[in-house]
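In what follows, a single structure is set out as structure tokens and then discussed.
No value in this document is a laboratory result; all are computed from the given coordinates. The structure displayed is predicted, hence computed values, not measured ones. In this analysis, Cβ positions are derived from the backbone assuming ideal geometry, glycine residues included, and neighbour counts consider all displayed protein chains.
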Amino acid sequence: MTRRQRDPLRLLTDEERTALEQISRAHSEPASHVARAKAILAVSAGQSYHAAAQAAGQYAGDTVAQWVARFNREGLPALEPRHGGGSPRRYGGAAQERILAEARRTPDRVQDGTATWSLTTLQRTLRQAADGLPQVSTYTIWRTLRQANWSWQRARTWCATGKVKRKRKAGVVEVVAPDASAKKLDRESLSARRKAGVAGVVRRSSGAVSNDPRPGPQLATGRGAKLPAA
């Protein structure tokens, strides 16, 4: 009989699920990261802790229960094992700027093997570059991009939040939304309220938004509506 889960896994965001899937399939990631990603994905698919432990190469479901409890509190940083002694490897400002510089560069299909950046392709390029980071992990890349206000887009690439390139007479320019940070905080607040099941209307900088989970704009229609005569 399956033991009741005292701390069930919370609902994964799209960004978390994408990162977990990439890490679980990565051959260059530390085995500890891969095991945790596989276990959390297995639990999110409805498997028991014992079955998730077997999928991750573990023996005890209690270990997976501890991973899930930590993931509920910390999110993706929970994939990083806690420091067990010795000097931890740290990436300073220069290394973080190197990651961001690579992410800003448009990838070359022939040289980089991709047309859009993902965590794994960024990791491969940074590790192979002469001035790169030979031991950088996808988690470090993800954390650096998130701290720089970058997010995973539906076009399956990473992009700075609130920035977009537009064609002008003088050429292509980068336009920055002045209230991008405020909108980002509003979206995070709205997402948190939806997960908590809070009903009502959340005030955003662009107006009132309902908690309707259906994406995209909704058109109001009514019976008896007629088009104006030509």
- Give, as ranges by residue number, the residues of segment 33-68 whose backbone N falls under 19 Å from the point 7 Å along Cα→Cβ of residue 21. 34-47, 56
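For residue 170 and residue 101, compute 0.36 nm times the residue count separating them, minus their Cα-Cα distance, and round to one decimal in nm. Mind dumping the intermediate values first?
Working: separation 69, 0.36 × 69 = 24.84 nm, distance 2.44 nm.
Gain in length upon complete extension: 22.4 nm.
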- Item | Label-point separation, residue 130 to residue 31 (7 Å along Cα→Cβ), nm | 3.5
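What's the extension gain from residue 73 to residue 11 if we count 0.36 nm per residue and subtract their Cα-Cα distance?
Numbers: separation 62, 0.36 × 62 = 22.32 nm, distance 1.22 nm.
Here the segment from residue 73 to residue 11 would lengthen by 21.1 nm.
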- Message: If you average the C-alpha positions of segment 120-135 and of segment 29-66 separately, how far apart do those two centres end up, in angstrom?
- Response: 28
- Label-point separation (nm) for residue 59 and residue 148, each offset 7 Å from Cα along Cα-to-Cβ? 4.3
